Amino acid sequence: MLYPLLFRNNFFSKIWGGSLLKKLKGIEDNDPTPIGESWEISAVPGKESVVGNGSLQGRKLNELVTEYKEELIGRTVYDMYGETFPLLIKFIDAAKDLSIQVHPNDEMAKKYHDSFGKTEMWYIMDTKPGAKLYSGFKSLISKYEY
């Protein structure tokens, strides 16, 4: 029987990362390594979320989707994606400028990476004065210029 799942911390060091994610999660740690990302829900192979509580403790999210199917992710999502969990949810601590992000659509991702494309949604929880987020180009350019 399923219950509210809590997942183990899944931190990733990034050169642009900071120290806020461990603080956000209440983790006392004197390691100065900058943490840029905390993957909260992930089915990315090799970086899967692992259950940290209850009778399913130690099990990977991918295993649970295979075993529990629509009971875990709902009929509509299961009908659309099968046993491939379609979301990656993460917190980002960008203490410095992030790298430029370019994400493939579904067609290109399938061709080159055998995966889905990447559609993003950001929810900004906090910023420092003067913080900026750029999206797109300063002026219109052609496909050739791009």
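The values are calculated or read from the model by the stated rules, or taken from the named source; none is laboratory data. As the structure is a computational prediction, the values presented were derived from the model and not from experiment. Glycine also receives a Cβ, built like all others from the backbone with ideal geometry; neighbour counts cover every protein chain displayed. These area figures cover heavy atoms from the full protein model, side chains too; ligands, DNA and RNA do not enter into them. Shrake-Rupley method; radii C 1.70, N 1.55, O 1.52, S 1.80 Å.
The table that follows gives values for the structure above.
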{"quantity": "Mean Cβ count within 10 Å, highest first, over the residues of peptides 76-89, 121-134, 48-61", "calculated": "48-61, 76-89, 121-134"}
{"quantity": "Percent of Cα-Cα distances greater than 26 Å, calculated over the stretch 1-110", "calculated": "30 percent"}
{"quantity": "Selected from Ala95, Ser115, Asn53, residue furthest toward positive end of dipole (the chain; charges at beta carbon)", "calculated": "Ala95"}
{"quantity": "Alpha-carbon centroids, the stretch 69-146 and the stretch 43-67: separation in whole Å", "calculated": "22 Å"}
{"quantity": "Carbon plus sulfur fraction of accessible area for the stretch 8-137, probe 1.4 Å, in percent", "calculated": "53 percent"}
{"quantity": "Leu133/Asn9 FRET efficiency (R0 35 Å; Cβ-Cβ; nearest 0.05)", "calculated": "0.85"}
{"quantity": "Paramagnetic reach from Leu98 in the stretch 113-135 [backbone N under 20 Å; point 7 Å along Cα→Cβ]", "calculated": "116-135"}
{"quantity": "Spatial extent of the stretch 87-145: Rg and Dmax, with the Cα atoms as the point set, Å", "calculated": "14.7, 41"}
{"quantity": "Cα-based shape type of the stretch 25-64, given that a ≥ b ≥ c are square roots of the gyration tensor eigenvalues and the cut on a/c is 1.5", "calculated": "oblate"}
{"quantity": "Length-normalised contact order for the chain - Cα pairs under 8 Å, 6+ apart - percent", "calculated": "21 percent"}
{"quantity": "Heavy-atom surface of the chain, accessible at 1.4 Å and reported per residue (Å²)", "calculated": "79 Å²"}
{"quantity": "D_trans [Stokes-Einstein, Kirkwood Rh over alpha-carbon pairs] for the stretch 48-88, 25 °C, 0.890 mPa s, µm² s⁻¹", "calculated": "234 µm²/s"}
{"quantity": "Stretch gain in nm, segment Glu107-Glu28, where the contour uses 0.36 nm per residue and the Cα spacing is subtracted", "calculated": "24.1 nm"}
{"quantity": "Length gained when the stretch Trp16-Thr76 is fully extended (0.36 nm per residue, less Cα-Cα span)", "calculated": "17.9 nm"}
